[in-house]
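The values are calculated or read from the model by the stated rules, or taken from the named source; none is laboratory data. In this text, all values refer to a predicted model and were calculated from it rather than measured experimentally. Cβ placement follows ideal geometry from the backbone for every residue including glycine, while neighbour counts extend to all protein chains displayed. What goes into the accessible areas is simple: the full protein's heavy atoms, side chains included, and nothing from ligands, DNA or RNA. Shrake-Rupley method; radii C 1.70, N 1.55, O 1.52, S 1.80 Å.
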Amino acid sequence: MPLCEFTRANGPTEFRVGSHVKASVVRAPQELMLTCPLGSVVLFDGRVFHRGGANGSGCAREVLFVNVCRHWYRDMSNKVENRLEQLL
């Protein structure tokens with residue numbers, strides 16, 4: 001849920017459409033930049049590749065992010081520990 005308006009200037013969330021499906025490796029990737037007004041709620045499958053765009057607005061871009069998943073699912077690519085290990 002964006003806590004501010006998401007515009008092209010402040011680097012809204014970008015999604016790689018279909019990246020959560022194995023069949024997507026044979027199709028050309030399609031990127032989607034999501035702009036939306038304050039108060040919007042964005043629901044998406046957490047397995048979809050996503051990232052925040054570059055924020056060139058000079059203002060903070062704040063978002064509330066909650067990930068709900070089945071007890072057996074582990075997203076190993078987004079673990080904070082993995083990112084810290086890569087930085088060290």
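For region 37-77, give me each residue that is open to solvent by less than 60 Å² (accessible area, probe 1.4 Å) and not in a loop (DSSP other than H, G, I, E, B).
GLY52
In region 1-21, which residues are touching a residue at least 60 places away in the same chain (Cβ under 8 Å) and assigned to a loop (DSSP other than H, G, I, E, B)?
Just the residues of region 1-21 that are touching a residue at least 60 places away in the same chain (Cβ under 8 Å), to begin with: 1-3.
Residues satisfying the conditions are MET1, LEU3.
Just to be sure before I move on: is LEU87 modelled with pLDDT of 85 or more and aliphatic (A, V, I, L, M) in the structure I sent? First the steps, then the outcome.
Details: modelled with pLDDT of 85 or more: no; aliphatic (A, V, I, L, M): yes.
Considered against the rule, which asks whether it is modelled with pLDDT of 85 or more and aliphatic (A, V, I, L, M), LEU87 comes out as no.
Being at pLDDT below 85, among the aliphatic types (A, V, I, L, M) and loosely packed, with under 14 Cβ neighbours inside 10 Å is the filter here; which residues of region 1-33 pass it?
Listed by number, the residues that qualify are VAL21, ALA23, VAL25, VAL26, ALA28.
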